[in-house]
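Below is one structure, written out as structure tokens; the observations come after it.
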Amino acid sequence: MAKLDSKIPAGPLAEKWSKHKADIKVVSPANKRKLDIIVVGTGLGGASAAASLGELGYNVKIFCISDSPRRAHSIAAQGGINAAKNYQNDNDSVFRLFYDTIKGGDYRAREANVYRLAEVSNNIIDQCVAQGVPFARDYGGLLDNRSFGGAQVSRTFYARGQTGQQLLLGAYAALNRQIAKGSVKSYPRHEMLDLVLVDGKARGIITRNLITGEIERFGAHAVVIATGGYGNVFFLSTNAMNSNGSAAWQCYKKGACFANPCFTQIHPTCIPVHGTQQSKLTLMSESLRNDGRIWVPKKKEDVELIRAKKKKASDIPEEDRDYYLERRYPAFGNLVPRDVASRAAKERCDAGYGVNETGLAVFLDFKTAIDRLGEDVIRARYGNLFQMYEKITDVNPYHEPMMIYPAVHYTMGGIWVDYNLMTTIPGLYAIGEANFSDHGANRLGASALMQGLADGYFVLPYTIGDYLSHEIQSPKVNTDTPEFAEAEKAVKEKIAKLFSIQGAESVDDIHKKLGHIMWENVGMGRTKESLEKAIVEIQALRKDFWKNVRVTGTNEEFNQELEKAIRLADFLELGELMARDALHRQESCGGHFRVEYQTPEGEALRDDKHFAYVAVWEYQGADQEPKLEKEPLVFEAVHLAQRNYKD
Amino acid sequence: MNLTLKIWRQKNAKAPGKFVTYKVENISPDTSFLEMLDILNNDLIHKGEDPVVFDHDCREGICGMCSLHINGFAHGPDTEITTCQLHMRKFKDGDTITIEPWRSHAFPVIKDLAVDRSAFDKILQAGGFISVNTGGVPDANSIPIPKADADESMDAAACIGCGACVATCKNGSAMLFVAARVSSLAKLPQGRVEGARRAKAMVAKMDELGFGACTNTGACEAQCPKGISIAHIARLNREFLSAKLKD
């Protein structure tokens, strides 16, 4: 394995990024015109990167699986984006945002990356406002903020409950401007099916045109993966139906190492599962925890009556309610980080206090806030979320509390990258949720948007120049070579094999089974036994898939079953790696909760002596155990401590 | 619930299409409309038939990918929602439901219920942006914007680009879509700078791509899943006319 070199610059934390920018090389405008870059994915990371690289003068090609770049799942982010502007005069700062993020991630992220993220956060807000993003404002005309979990300041900028949509439309507009200028060429409804290496460097991709089925080759001097996370390995998650881990997984199989795959975020406030035919879970924004209070009844008899629909939540008097987050975490209350809130909900439900028929739900109640502020204020803040809730559940949350339960939402793990966001394959970059670098073992709310845009607008456009400055003599990549031909052949063979099986089970049948294995064994509470069981079961299911799946239709048409089958084949491998990673990490941290390792109060118990590192996995071939390498995490600016949200 | 579905099936853009009738049984009223189609598709796959192709992604009403004309209504018989948010409790046991793709000249059918909406991207590429590069922009609070203006800009910016307005309009006009973008940027000082250029370029592109003219029927507003007001069309008309008068 290539020695991991994180390339973290020397020097004091606050000066690393400035110094690094001064040290790295740049490419002249005349040479930029000769260089090609492929960007895969058009969410906040991909769209902002492609637009910025196009503005700089590179030739960019951008690919997405949807009919338009604007459909990328960043669009569904609701609550907001963090920045250290300190507009509220509440003593926020770059350091405080950095510190909250490192602590929120349970000390499993790189200090230097996180500090840089906090540093450029303010530029993001400026950039978005200049693009015409209609952030919420106060009557004086200046920007408004709200609070999110894991922070005691108000640093979250928002556009009603549609912040992700508005930021993506900003990045998409910048991208459209470059497409019109010809500096970026857009390939919608194209899916990357393989990465092509030439002499060890990333030199292109193989794609499938999702309308015609045509397998195509594209070459470039660098490839950027911005394809998001892999939460859909659980089948049910808050991710969009088409979100998948396949582009990242192909990179892994071509030699890009995968970091911390087991770090999965289970979001505490999602609409509970209602039946076996459900296709996905819907998030209710964390911003609701600004004004919503989470509770379950104190008395089991009330629980029974509510489940039997003989009593309503609003019938339960104040003294019989257990506001368990406020009780357990007085300092942060309902705004504890997501992993803490999710585990607390699971604890109450496991103890028998869940409030719906399945026993897997808790209340999120706005009564106190409505009494204090009036319904109109709550409507102005969260109207679209309340409407969304009512459409799905047929319950009016202005009158009765919402029911919520944790669901898979985000993956902190991803492709390993160095400080320059380059993977272990030269010329291959990974940005946004697709990489692993900034959120440690738990991401704070409103930080995914921040990271996607930080990487795309302000980090990658600088760092990629350092690599490309060595490529100015390289001619256009010729795709008519054995490397491209071989990759194309492998893709075509894989597709042919999928069609040849014609078994008895649909892709979704098998995906649901995988989701069940993952949720039960690699979900919110993991044990040595459950993880060992998961590995065996996933291996068996993978064999079953390749013997028993039925893919209808042909390759040469718009074939959504084929798309899903290709993605599931990869999830069936990725799920095993997640379980392996979770098994090896004999500690609890952030979203990774090993039942064996907890404090007497039931909090995650880290083992900094043995596990303060990034687990980096290298592919060794089909059905071979991957190799584990460790990147030690060195903390210079923060003191490692048990996370405390109590006082 | 047991239902009869009449679904438009069309092999590809060139092939002729036709309605095919299917039955689905034991559907829970809490199932979403697209989950009901998932159930149908899973049955079809088990029978060895081709599943019905339809576009969808986020399934929470924000990505704009889902479409469908259901019993003659874009996004089905409910107000201010997308098809993915529609639930079967809006139907009755024994109902026959007709499901068609968006039908509009500028949105050709790709297969079954999926259409090509790339014309929307082309309109936005013509001018639906503010011409700023990354970096070198002023501090976000250096331009105060009255709250009412910011709120109105946000109202318009809520457009998800689904195309229900075009599919509903008897003229196949994209005026509400174009107006939403023009109006959102026109309400902000940053967007005013190139307001005239933007309105002209986007309207010209809309006309070029074969969308129809607006005759103020208001059908688009009634079917818009995000409740975007046709008052924005009035603003677009103002922007466009004043830009033309200055020519």
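The values are calculated or read from the model by the stated rules, or taken from the named source; none is laboratory data. Computed from a predicted structure; not experimentally measured. Virtual Cβ from ideal backbone geometry, glycine too; neighbours counted across all protein chains shown.
Residues are listed down the side, and each one gets a yes or a no for (1) aromatic (Phe, Trp, Tyr); (2) in a helix (DSSP H, G or I); (3) under 21 Å from A:LEU236 (Cβ atoms); (4) free of Cβ contacts under 8 Å to residues at least 12 places away in the same chain:
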site	(1), (2), (3), (4)
A:VAL303	no, yes, no, no
A:SER314	no, yes, no, no
A:GLU326	no, yes, no, no
A:PHE363	yes, no, no, no
A:GLU400	no, no, no, no
A:ILE404	no, no, yes, no
- Would you check if B:SER118 is within 30 Å of A:ASN123 (Cβ to Cβ) and of a type in the set (Ser, Thr, Tyr)? no
- Query: Quick check, is A:GLN165 assigned to a helix (DSSP H, G or I), touching a residue at least 60 places away in the same chain (Cβ under 8 Å), over 21 Å from B:ALA180 (Cβ atoms) and facing another protein chain (nearest Cβ under 10 Å)?
  - Reply: no
- What tally of residues in the range B:2-48 results from selecting those that are of a type in the set (S, T, N, Q), loosely packed, with under 14 Cβ neighbours inside 10 Å and assigned to a strand (DSSP E or B)? 2
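Can you find, within the range A:136-162, the residue that is nearest to A:HIS73 (Cα to Cα) among those that are without any contact (Cβ under 8 Å) to a residue 24 or more places away in the chain and in a loop (DSSP other than H, G, I, E, B)?
To start, the set of residues in the range A:136-162 that are without any contact (Cβ under 8 Å) to a residue 24 or more places away in the chain comprises A:137-141, A:144.
Pick out the ones that are also in a loop (DSSP other than H, G, I, E, B) and you get A:138-141, A:144.
Values: A:ASP138: 29, A:TYR139: 32, A:GLY140: 33, A:GLY141: 30, A:ASP144: 25 Å.
Among them, the one singled out is A:ASP144.
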- Selected residue [among the acidic types (Asp, Glu), assigned to a helix (DSSP H, G or I) and more than 21 Å from the chain's Cα centre (by Cα)] from A:ASP92, A:ASP100, A:ASP126: A:ASP126
- the range B:171-203: number of residues that are surrounded by fewer than 21 Cβ atoms within 10 Å (Cβ to Cβ), farther than 23 Å from A:ARG71 by Cβ and in contact with a helix residue (DSSP H, G or I) (Cβ under 7 Å, 6 or more places away or on another chain): 7
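Going residue by residue through the range A:603-618, is there one that turns out to be under 30 Å from A:GLU505 (Cβ atoms) and not polar (S, T, N, Q)?
Filtering the range A:603-618 down to residues under 30 Å from A:GLU505 (Cβ atoms) leaves A:617.
Within this subset, residues satisfying the condition of being not polar (S, T, N, Q) are A:617.
For the range A:603-618, residues under 30 Å from A:GLU505 (Cβ atoms) and not polar (S, T, N, Q): present.
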- Message: As an exercise: evaluate A:ILE392 against (1) within 24 Å of A:THR276 (Cα to Cα); (2) loosely packed, with under 14 Cβ neighbours inside 10 Å; (3) among the β-branched types (Val, Ile, Thr) and give the number of the one condition it does not meet.
- Response: (2)
- Query: Identify, please: which residue in the range A:607-632 is aromatic (Phe, Trp, Tyr) and in contact (Cβ under 8 Å) with a residue 24 or more places away in the chain and is, among those, surrounded by the most Cβ atoms within 10 Å (Cβ to Cβ)?
  - Reply: A:TRP617
- Query: Only one of A:GLY452, A:GLY456, A:GLY445, A:GLY465 is assigned to a loop (DSSP other than H, G, I, E, B) and farther than 24 Å from A:THR552 by Cβ; which?
  - Reply: A:GLY445
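Against the condition at pLDDT below 95 and either more than 7 Å from chain A (Cβ to nearest Cβ) or under 30 Å from A:ASN122 (Cβ atoms) (or both), how does B:ILE123 come out, does it pass? Explain how you work it out, then say what you get.
Working: at pLDDT below 95: no; either more than 7 Å from chain A (Cβ to nearest Cβ) or under 30 Å from A:ASN122 (Cβ atoms) (or both): yes.
For B:ILE123, the condition - at pLDDT below 95 and either more than 7 Å from chain A (Cβ to nearest Cβ) or under 30 Å from A:ASN122 (Cβ atoms) (or both) - is not met.
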- Message: Being crowded, with 20+ Cβ neighbours inside 10 Å and hydrophobic (A, V, I, L, M, F, W, C): is that true of A:VAL551 here?
- Response: yes
- Note on the structure: Going through the range A:508-562 in order, the residues found to be farther than 23 Å from A:ASP623 by Cβ, more than 14 Å from chain B (Cβ to nearest Cβ), among the hydrophobic types (A, V, I, L, M, F, W, C) and assigned to a helix (DSSP H, G or I) are A:TRP519
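Of all helices (runs of 4 or more DSSP H) completely enclosed by the range B:127-240, which ones contain at least 3 residues that are over 13 Å from the mean Cα position of the chain (by Cα) and within 14 Å of chain A (Cβ to nearest Cβ)?
On the way: elements: B:147-157, B:164-168, B:175-186, B:189-192, B:195-208, B:219-223.
Filter on the range B:127-240 gives B:147-157, B:175-186, B:189-192, B:195-208.
Taking the range B:90-113 only, how many residues are at the interface with chain A (Cβ under 9 Å from one of its Cβ atoms) and either hydroxyl-bearing (Ser, Thr, Tyr) or under 19 Å from B:ASN71 (Cβ atoms) (or both)?
The qualifying residues number 1.
Results for (1) within 30 Å of A:ALA50 (Cα to Cα); (2) outside the structural domain of B:PHE211 (by TED's automatic domain parsing); (3) touching a residue at least 12 places away in the same chain (Cβ under 8 Å), shown as yes or no for each residue.
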site: B:ASP78; (1), (2), (3): no, yes, yes
site: B:ILE99; (1), (2), (3): no, yes, yes
site: B:ILE123; (1), (2), (3): yes, no, yes
site: B:PRO138; (1), (2), (3): yes, no, no
site: B:ALA150; (1), (2), (3): yes, no, yes
site: B:CYS162; (1), (2), (3): yes, no, yes
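If you go through the range B:19-28 one residue at a time, do you hit one that is among the hydroxyl-bearing types (Ser, Thr, Tyr) and at the interface with chain A (Cβ under 9 Å from one of its Cβ atoms)? Walk me through how you get there before you give the answer.
Applying the first criterion (among the hydroxyl-bearing types (Ser, Thr, Tyr)) to the range B:19-28 yields B:21-22, B:28.
The next check asks that each one be at the interface with chain A (Cβ under 9 Å from one of its Cβ atoms); those that pass are B:28.
Yes.
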- Where residues in the range A:596-618 are under 20 Å from A:MET412 (Cβ atoms) and part of a loop (DSSP other than H, G, I, E, B), which of them is modelled with the lowest pLDDT? A:GLU603
- Query: Of (1) within 15 Å of the chain's Cα centre (by Cα); (2) surrounded by fewer than 24 Cβ atoms within 10 Å (Cβ to Cβ), A:ASN260 satisfies all except one. Which?
  - Reply: (2)
